[in-house]
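Report on the structure given below.
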Amino acid sequence: MINKLEFAKTIVKEAGSYLREHLHDQLAITVKTNPTDLVTQMDQEVQATLVRKILEAYPEDQIFAEEDELRAPIHFGKVWVIDPIDGTNNFVTQKEDFAVMVAYFEEGLGQFGLIYDVMRDHLFFGGKDFGVFCNDKELKPFQNRPLGDLLVASNVGMLKSNAWGMADLGAECLGIRVYGSAGISFTKILSGGILGYFSYIWPWDYAAAAIMGECLGYSVLTLEGKEPNYETLEPIMMVPTCKLDEIQPFLTKGKDA
């Protein structure tokens, strides 16, 4: 498995290098499901390259990816989950705060995940057999503190409407951050700077973080506290497992409001 992880680190870093080299290229931007759900030719090129390299090296493996309707179910066989550019809107407008994300599963069990914060050159990687690292630094498990000492991250829509009690939870915490990228938000959690992240996201958005987070004392669940289905868009949170009992009442009250 270590060889597969090293292979994954190489191709993810190569994808990031390609994005930096072409950061200011003319972009062909397409709207997908709504005006803020964008895809560019760079998303498609990066994904196609990652898929090609994976299948050349491991032709029996399968792909679950954001673009091009590649949807192999992660519960069967050896499956790679790919998000070629997480935070496409940030990539288009800010040229920062976007990530390349890859996760690898065998028979539904996450083996390792990678989140590459491209512009900061921070590669988060790991799994249950490896530990979790940011570049060469091994990351530590969550250290419990009061909610009032911790930040949370979510999206503007949930905060504005107080969906799932997000504004109420944020008021109980030290503050709220909105990064515009699930991957970047997850790196803040893995680094210990953010308590948790709450949003409506897809499996390619949370798969890598779920694998790494479990090693550091975090859980990735739906906002109802259930296991994600790894198939569809769902309301998802990544939070310290030891904080679930404190956080869940905010979510339950917000849902019923």
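The values are calculated or read from the model by the stated rules, or taken from the named source; none is laboratory data. No experiment lies behind these values; they were computed from the predicted model shown. Neighbour counts are summed over all protein chains in view; Cβ atoms, including those assigned to glycine, are modelled from backbone coordinates with ideal geometry. When the accessible area is computed, the model is the full protein with side chains, heavy atoms only, and any ligands, DNA or RNA have been set aside. Shrake-Rupley method; radii C 1.70, N 1.55, O 1.52, S 1.80 Å.
If you go through the range 53-93 one residue at a time, how many are free of Cβ contacts under 8 Å to residues at least 24 places away in the same chain, in a loop (DSSP other than H, G, I, E, B), open to solvent by 50 Å² or more (accessible area, probe 1.4 Å) and at negative phi? Residues meeting the conditions: 3.
The rows are residues; the columns are (1) open to solvent by less than 10 Å² (accessible area, probe 1.4 Å); (2) farther than 20 Å from Tyr230 by Cα; (3) free of Cβ contacts under 8 Å to residues at least 12 places away in the same chain.
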residue: Glu96; (1), (2), (3): no, yes, no
residue: Tyr104; (1), (2), (3): yes, no, no
residue: Gln111; (1), (2), (3): no, no, no
residue: Val118; (1), (2), (3): yes, yes, no
residue: Leu147; (1), (2), (3): no, yes, no
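Taken over the range 227-236, the criterion of being closer than 24 Å to Pro146 by Cα and surrounded by fewer than 21 Cβ atoms within 10 Å (Cβ to Cβ) is satisfied by no residue.
Scanning the range 14-35 for residues that are more than 12 Å from Phe91 (Cα to Cα) and not in a helix (DSSP H, G or I) returns Gln26, Ala28, Thr30, Val31, Lys32, Thr33, Asn34, Pro35. Scanning the range 170-188 for residues that are outside any helix (DSSP H, G or I), open to solvent by 10 Å² or more (accessible area, probe 1.4 Å) and not hydrophobic (A, V, I, L, M, F, W, C) yields Gly175, Arg177, Tyr179, Gly180.
Those residues that are surrounded by 17 or more Cβ atoms within 10 Å (Cβ to Cβ), of a type in the set (A, V, I, L, M) and assigned to a helix (DSSP H, G or I), I need them from the range 237-251; list them, please. Within the range 237-251, Ile247, Leu251 meet the criteria. Within the range 79-92, is even one residue of a type in the set (S, T, N, Q), out of contact with any Gly (no Cβ under 9 Å at 6 or more places or on another chain) and assigned by the TED database to the domain that holds Glu14? Taking every residue of the range 79-92 in turn, at least one turns out to be of a type in the set (S, T, N, Q), out of contact with any Gly (no Cβ under 9 Å at 6 or more places or on another chain) and assigned by the TED database to the domain that holds Glu14.
Could you tell me whether Thr33 is within 21 Å of Ser181 (Cα to Cα) and surrounded by fewer than 19 Cβ atoms within 10 Å (Cβ to Cβ)? So Thr33 passes the test. Working only within the range 97-130, note down all residues that are part of a loop (DSSP other than H, G, I, E, B), of a type outside the set (D, E, K, R) and out of contact with any strand residue (DSSP E or B) (no Cβ under 8 Å at 6 or more places or on another chain). Gly108, Met119, listed by residue number. Set side by side, the residues Phe133, Phe142 differ, and just one is in contact (Cβ under 8 Å) with a residue 24 or more places away in the chain and either outside any loop (DSSP other than H, G, I, E, B) or farther than 21 Å from Arg20 by Cβ (or both), which is Phe142.
Among the criteria (1) open to solvent by 10 Å² or more (accessible area, probe 1.4 Å); (2) of a type in the set (A, V, I, L, M); (3) farther than 23 Å from Tyr104 by Cβ; (4) part of a strand (DSSP E or B), the one Val152 does not fulfil is (1).
Condition check ((1) more than 16 Å from the chain's Cα centre (by Cα); (2) in a strand (DSSP E or B)) across all residues:
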site: Met166; (1), (2): yes, no
site: Tyr206; (1), (2): no, no
site: Gly213; (1), (2): no, no
site: Val220; (1), (2): no, yes
site: Pro235; (1), (2): no, yes
